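> Here it is, the structure, as structure tokens.
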Amino acid sequence: MSCIGVLHPQSGGAVVHLEGLLDDGEADRLASVIVGLRDDGPVAVDLHDAQAVQDHALVRLARALAAAACRYRIVGISGHHSRLLRYVGLAGVQSARAPADDT
């Protein structure tokens with residue numbers, strides 16, 4: 001099981017940090033945590049320390065958050081994953097990729 005951490009910066013909102021593997025089960029667990037935080041303001045989903053991000057799990061997470069009307073952005077994903085989110089119609093997702101991985 002991966003580790004999920006939540007920080008509440010003074011500027012508002014929340015940062016949800018994942019360490020480990022983002023698979024379908026973790027995507028569901030992460031979405032549940034984020035949906036629970038949506039009243040706190042925008043949520044940054046930090047995947048910089050994820051050891052692996054499965055394509056279908058990332059799409060599953062983004063769709064769940066969009067369906068729940070969460071204000072969020074995903075950071076720490078590769079260029080490939082940023083393009084994937086655009087291809088499946090989640091271009092409204094604010095994402096920032098990890099600078100070292102553009103595969």
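Read the figures in this text as sums done on the coordinates, not as results from a lab. No experiment lies behind these values; they were computed from the predicted model shown.
> In percent, what relative contact order does the stretch 9-56 have, based on Cα pairs under 8 Å that are 6 or more apart in sequence?
Relative contact order comes out at 59 percent.
> Another question, if that's okay. List the extent of the Cα atoms of the stretch 38-87 along each of their three principal axes, largest first, rounded to whole Å.
Projected onto its principal axes, the Cα set of the stretch 38-87 covers 29, 22, 14 Å.
> Normalising by the residue count of the stretch 1-88, find the relative contact order in percent from Cα pairs under 8 Å and 6+ residues apart. Could the numbers behind the result be given before it?
Numbers: 146 pairs, mean separation 26.1, N = 88.
It rounds to 30 percent for the stretch 1-88.
> Here's another thing I want to ask about it. Could you work out how much longer the chain between V88 and V75 gets when fully extended? Use 0.36 nm per residue separation minus the Cα distance between them, nm to one decimal.
On the way: separation 13, 0.36 × 13 = 4.68 nm, distance 1.78 nm.
Stretched out fully, the V88 to V75 stretch lengthens by 2.9 nm.
> In the chain, what % of DSSP beta bridges are antiparallel (nearest 5)? Write down the numbers at each step before the final one.
Values: 5 of 20 bridges.
Taking every DSSP beta bridge within the chain, about 25 percent pair in antiparallel fashion.
> Extension gain H8-A52, at 0.36 nm per residue separation less the Cα-Cα distance, in nm? Provide the component values of the computation, followed by the final result.
On the way: separation 44, 0.36 × 44 = 15.84 nm, distance 2.49 nm.
Extending this stretch completely gives an extra 13.3 nm.
> A further question follows. Which whole-percent values make up P(r) of the chain when all C-alpha to C-alpha distances are grouped in 10 Å steps starting at zero?
16, 55, 27, 1
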